[in-house]
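Visitor: Right, I'll just put the structure down here and ask away after.
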Protein chains: 6
Amino acid sequence: MKVTVHRKAHFNAAHRLHNPSWSAAQNTEVFGKCNNPNYHGHNYGVTVSVRGEIDPGTGYVIDMKVLKQLIRTHVEEPFDHRNLNLDTEEFKNVNPTAENIAVVIWHKLRPHLNDALELKITLHETERNSVEFDGH
Amino acid sequence: MKVTVHRKAHFNAAHRLHNPSWSAAQNTEVFGKCNNPNYHGHNYGVTVSVRGEIDPGTGYVIDMKVLKQLIRTHVEEPFDHRNLNLDTEEFKNVNPTAENIAVVIWHKLRPHLNDALELKITLHETERNSVEFDGH
Amino acid sequence: MKVTVHRKAHFNAAHRLHNPSWSAAQNTEVFGKCNNPNYHGHNYGVTVSVRGEIDPGTGYVIDMKVLKQLIRTHVEEPFDHRNLNLDTEEFKNVNPTAENIAVVIWHKLRPHLNDALELKITLHETERNSVEFDGH
Amino acid sequence: MKVTVHRKAHFNAAHRLHNPSWSAAQNTEVFGKCNNPNYHGHNYGVTVSVRGEIDPGTGYVIDMKVLKQLIRTHVEEPFDHRNLNLDTEEFKNVNPTAENIAVVIWHKLRPHLNDALELKITLHETERNSVEFDGH
Amino acid sequence: MKVTVHRKAHFNAAHRLHNPSWSAAQNTEVFGKCNNPNYHGHNYGVTVSVRGEIDPGTGYVIDMKVLKQLIRTHVEEPFDHRNLNLDTEEFKNVNPTAENIAVVIWHKLRPHLNDALELKITLHETERNSVEFDGH
Amino acid sequence: MKVTVHRKAHFNAAHRLHNPSWSAAQNTEVFGKCNNPNYHGHNYGVTVSVRGEIDPGTGYVIDMKVLKQLIRTHVEEPFDHRNLNLDTEEFKNVNPTAENIAVVIWHKLRPHLNDALELKITLHETERNSVEFDGH
């Protein structure tokens, strides 16, 4: 019997959608105002979901204090108040769409969780747009 | 590897729950105040979820601008500021419960999406009541 | 020293904006799709705010259970799951704009509150539109 | 073809995380301030999700009025404005973590639903922490 | 010309409404289930509002980092994961109604703000109940 | 008798807090990570509040369609998906703190409203930080 636990966090970042192998015209056509060379930004909301068995001693799937600290170290500290395109290694060669940000966060957190636990990332880019990635 | 993207939209509509093959008494007993012959209404929230592979060129599962326009054309324009029972073809012979509205929206959007993409509709009728339909 | 207490409630109703002294063309021009003769609807959110001194015995400005019951009797029961234009006396001759609904609710609740208490009504018509009326 | 319906409810309760087979030091180390012997509390949000076929007569998976009453009888009445550790049978010998509360609610509601219906419980403990249990 | 800045915070606490100068019967009659001797609890939301002139050097009314730290020291640390009746000096002899909690927080923060700044406290006890106090 | 109407809108922008008359060290000390030379960003929420008499013909204080268009023209179009520091005239020489953004928006909208109407701007920078400016 498994339970899923969800923990929410936030980071505020600048980004720009751009494909360097395309012409300026093609970037404008596909990405529109998201291609602004001076960047724009978002309050990103990230929900980290971990699924596993309840530990009979603690009553926890995972200690939320531990999960909160993992998110702080691997997501909030590197991404908060940063320019994703300029200030992070992860998006030097990866276009920071919501989809790619969710995949990157999944890969950053996965090594820090016990193999028996399943992981899903939900990323909110705006009130109306969000994405989910569970590794499959 | 697949990612799910979610896009939210809204429409404000009047409706009435009613089964024309039942007596007035049976309609009142089952649907209560939702059977009011003069209608009542809701701010419906609709979340359209699309699951598929990330396109390596765009970094998108589907361009949100395209998805937003599909929802506008096939959901918001026909349903917003309408009486679902009187003003729409879809609910002429279908009782506009939240369940049936979600199924109708799924069938309206499905033909406009690539076959490789999965589709799920979440419909919020009130802050406390919502439904989901994914075609299965 | 005064404290303001706020209590939220909800009602789901159909309505239509219409001025019977105007031509159909003028109604369409001013009210647009809100003039649909078959009605549309909303989940209305109403916040009732009462300002006064804290009673030293109870620690309350007003007992929330009393305020909740006043809202149920004078707002939710007459308006919930109704057509404001057809099913209520209050909007027989008053156009049910958000502004007018807030004023009507204020006048319905005012007689049931002690004269020493101030009253303000906030009405949410959609997530993006709301109005406030405090009697002045 | 199945649809999932969701119904939200709330209860406000005190609780304390504690494992009586552990030392005070171990309880403090694992549960931190959640182990406060004088208790703390939460506004718990519970979403009950029921999945099944749409009834062709009603257009419902389950009548929301029936589901609302089941939640009132089996969740809100026994848990609202209670101390989970002291006032309930369910948590006399079960540590009231969010995970365990979700599992307990699932088992309280399961017998009252038709076998053809699937059940999932989502419990919000704070704005940032929530858990889900679907019986598997 | 003045601007108001708002900063939100949260604390989770147990409490009980009780007037020790009243009989048990009177306490039950007035406070109902809020009088439970074993306590219940809430996720309290507190919004601290500060009004003043914009500093021309910083562009701030008050540095949000300073305001956040003041709320942490004087509200979150003493009240979070506590039993307000048993664990705090402030409510040893004051009934912890939402109204009184807002007044207490106002008095705890007022001395730490420049006299030229106005202060208002908004306290959310539940999603539907909240109170405001501005010192007047 | 006056009513206040509120209309919400959003824009997503990059910005950087910086005082060019200060040293780099002073900027870092005061603005911390908000001084990042590569910018960060936010989903800004703006609520425009207009107070005035109800027009007896329309039942409106101001037509929400007109107000929505004013916000689109004077706030969303110039600021959405922009870098406030680099792409706008308004913040070429004004530090784009939340306080200053609210004041700028107030001055941009004020000339487009009838003198009899009062105007207030509420700007949400994050879920926890917001500011208000009403011209006084």
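The values are calculated or read from the model by the stated rules, or taken from the named source; none is laboratory data. Just so it is clear, the structure is predicted and the values come from calculations on it, not from any experiment. Note that we place each Cβ from the backbone using ideal geometry, even for glycine, and neighbour counts take in every protein chain shown. Only protein heavy atoms, including side chains, enter the accessible area calculation; ligands, DNA and RNA are left aside. Shrake-Rupley method; radii C 1.70, N 1.55, O 1.52, S 1.80 Å.
Visitor: Give the whole-number value, in cubic angstrom per residue, of the convex hull volume spanned by the C-alpha atoms of the stretch B:29-108. Walk me through the numbers on the way to the answer.
Guide: Values: hull volume 8.6 nm³, N = 80.
Convex hull of Cα atoms, per residue: 107 Å³.
Visitor: Please report, in whole Å³, the volume per residue of the convex hull around the C-alpha atoms of the stretch B:73-114.
Guide: Per residue, the Cα convex hull of the stretch B:73-114 comes to 68 Å³.
Visitor: Run lengths n ≥ 4 of DSSP H only: what is the helix-derived mean residue ellipticity at 222 nm for chain C, with -39500 (n - 2.57) per run over all residues, to the nearest 500? Provide the component values of the computation, followed by the final result.
Guide: Working: 4 runs with 32 residues, N = 136.
Computed ellipticity for chain C at 222 nm equals -6500 deg cm²/dmol.
Visitor: Hey, in the GNM for chain F with a 10 angstrom Cα cutoff, which one of F:Val103, F:Val30, F:Val46 fluctuates hardest?
Guide: Evaluated over chain F, the most mobile residue of the options is F:Val30.
Visitor: So, in Å, what gap is there between the alpha-carbon centers of the stretch D:97-121 and the stretch C:26-86?
Guide: Cα centres, the stretch D:97-121 to the stretch C:26-86: 35 Å.
Visitor: Taking all protein chains as present, what is the carbon and sulfur share of the accessible area of the protein assembly as shown, in % to the nearest whole number, probe 1.4 Å? Don't skip to the answer; put the middle values down first.
Guide: Working: 17360 of 33800 Å².
Ligands and nucleic acids excluded, carbon and sulfur reach 51 percent.
Visitor: Please build a GNM for chain E, connecting alpha carbons under 10 Å apart, and tell me which residue among E:Gly32, E:Gly52, E:Gly41 fluctuates the most.
Guide: The residue that fluctuates most here is E:Gly32.
Visitor: Further, regarding this structure: Quick one: grab Rg to one decimal and Dmax as a whole number for the stretch A:25-70, Cα atoms only, in Å.
Guide: 20.2, 60
Visitor: With every protein chain present, what is the per residue accessible area of the protein assembly as shown (1.4 Å probe, Å²)? Before the final figure, lay out each step's value.
Guide: Working: 33800 Å² over 816 residues.
Here the residues of the protein assembly as shown average 41 Å² of exposed surface.
Visitor: Which chain D residue comes nearest the axis with its C-beta when you rotate D onto F, and by how many angstrom?
Guide: Closest Cβ on chain D to the axis mapping it onto F, in Å: D:Glu127, 5.
Visitor: For the protein assembly as shown, count the residues as N, evaluate 2.2 N^0.38 Å, and divide the Cα radius of gyration by that value, please. Walk me through the numbers on the way to the answer.
Guide: On the way: Rg = 26.8 Å, N = 816, 2.2 N^0.38 = 28.1 Å.
Compactness ratio reported: 0.95.
Visitor: With the solvent-accessible surface defined on protein heavy atoms using a 1.4 Å probe, which residues belonging to the stretch C:21-49 display a reduction of at least 20 Å² in accessible area in the multichain context relative to the isolated chain?
Guide: Relative to the lone chain, where solvent access is computed with a 1.4 Å probe, the stretch C:21-49 loses at least 20 Å² at C:Trp22, C:Val30, C:Phe31, C:Lys33, C:Asn36, C:Asn38, C:Tyr39, C:His40, C:Gly41, C:His42, C:Asn43.
Visitor: What residues in the stretch C:99-136 lose 40 Å² or more of accessible surface when the other protein chains are added to their chain alone (1.4 Å probe)?
Guide: By number: C:Glu99, C:Glu127, C:Arg128, C:Asn129, C:Ser130, C:Glu132, C:Phe133, C:His136.
Visitor: If we hang a label 7 Å off Cα along the beta carbon direction at D:Leu86, how far is it from the matching labels on the other copies, in nm, shortest first?
Guide: In ascending order, 0.6, 5.5, 5.8, 5.8, 6.1 nm.
Visitor: Find every distance from the label point of A:Glu29 to the corresponding label point in the other copies (7 Å from Cα along Cα→Cβ) and write them in nm, one decimal, shortest first.
Guide: For A:Glu29, the other copies' label points sit at 4.3, 5.4, 6.4, 6.4, 8.0 nm, shortest first.
Visitor: Buried accessible area between F and C (1.4 Å probe, both chains summed, ligands and nucleic acids excluded), in Å² to the nearest 100?
Guide: Values: alone 8260 and 8260 Å², together 14800 Å².
By this definition, chains F and C bury close to 1700 Å².
Visitor: When DSSP assigns beta bridges and you keep just the ones with both residues in chain B, what percent turn out antiparallel, to the nearest 5? Before the final figure, lay out each step's value.
Guide: On the way: 25 of 27 bridges.
Among the beta bridges of chain B, antiparallel pairing accounts for roughly 95 percent.
Visitor: Quote the charge dipole size of the stretch D:2-133 about the Cα centre in Debye, to the nearest 20; the model charges only the Cβ of Lys and Arg (+1) and of Asp and Glu (-1). Could the numbers behind the result be given before it?
Guide: On the way: 15 positive and 16 negative charges, 32 e Å.
For the stretch D:2-133, the charge dipole is close to 160 debye.
Visitor: I need the P(r) histogram for chain A: all alpha carbon pairs, bin width 10 Å from 0 out to the longest distance, whole percents.
Guide: Per 10 Å bin, starting at 0, the Cα pair percentages come out as 12, 40, 29, 13, 5, 1.
Visitor: Would you mind telling me which residue in B:Ile101, B:Ile54, B:Ile71 has the biggest mean-square fluctuation in a Gaussian network model of chain B, where springs connect alpha carbons within a distance under 10 angstrom?
Guide: Largest GNM mean-square fluctuation: B:Ile54.
Visitor: Shortest first and in nm to one decimal, what separations exist between B:Asp63 and its copies in the other chains, measuring from label points 7 Å along the Cα-to-beta-carbon line?
Guide: Here B:Asp63 shows inter-copy label distances of 3.3, 4.6, 4.9, 4.9, 6.2 nm.
Visitor: Now for a different question. Using Cα atoms only, what is the angle between the long axis of helix E:98-109 and the major principal axis of chain E, expressed in degrees (0 to 90) to the nearest 10?
Guide: Roughly 40 degrees, rounded to the nearest 10.
Visitor: Something else about it: Cut-off under 20 Å on the C-alpha distance; same-chain residues fewer than 8 positions from C:Lys120 excluded. Which lysines are left, in chain and number order?
Guide: C:Lys2, C:Lys8, C:Lys65, C:Lys68, C:Lys108, E:Lys120, F:Lys2, F:Lys120
Visitor: Which loop-located chymotrypsin sites (Phe, Trp or Tyr not before Pro) does the stretch C:18-47 contain, where loop means any DSSP state but H, G, I, E or B and the Cβ has at most 16 other Cβ atoms within 10 Å?
Guide: Numbers: sites: C:Trp22, C:Phe31, C:Tyr39, C:Tyr44; in loops: C:Trp22, C:Tyr39.
Sparse-neighbourhood loop chymotrypsin sites (Phe, Trp or Tyr not before Pro): C:Trp22.
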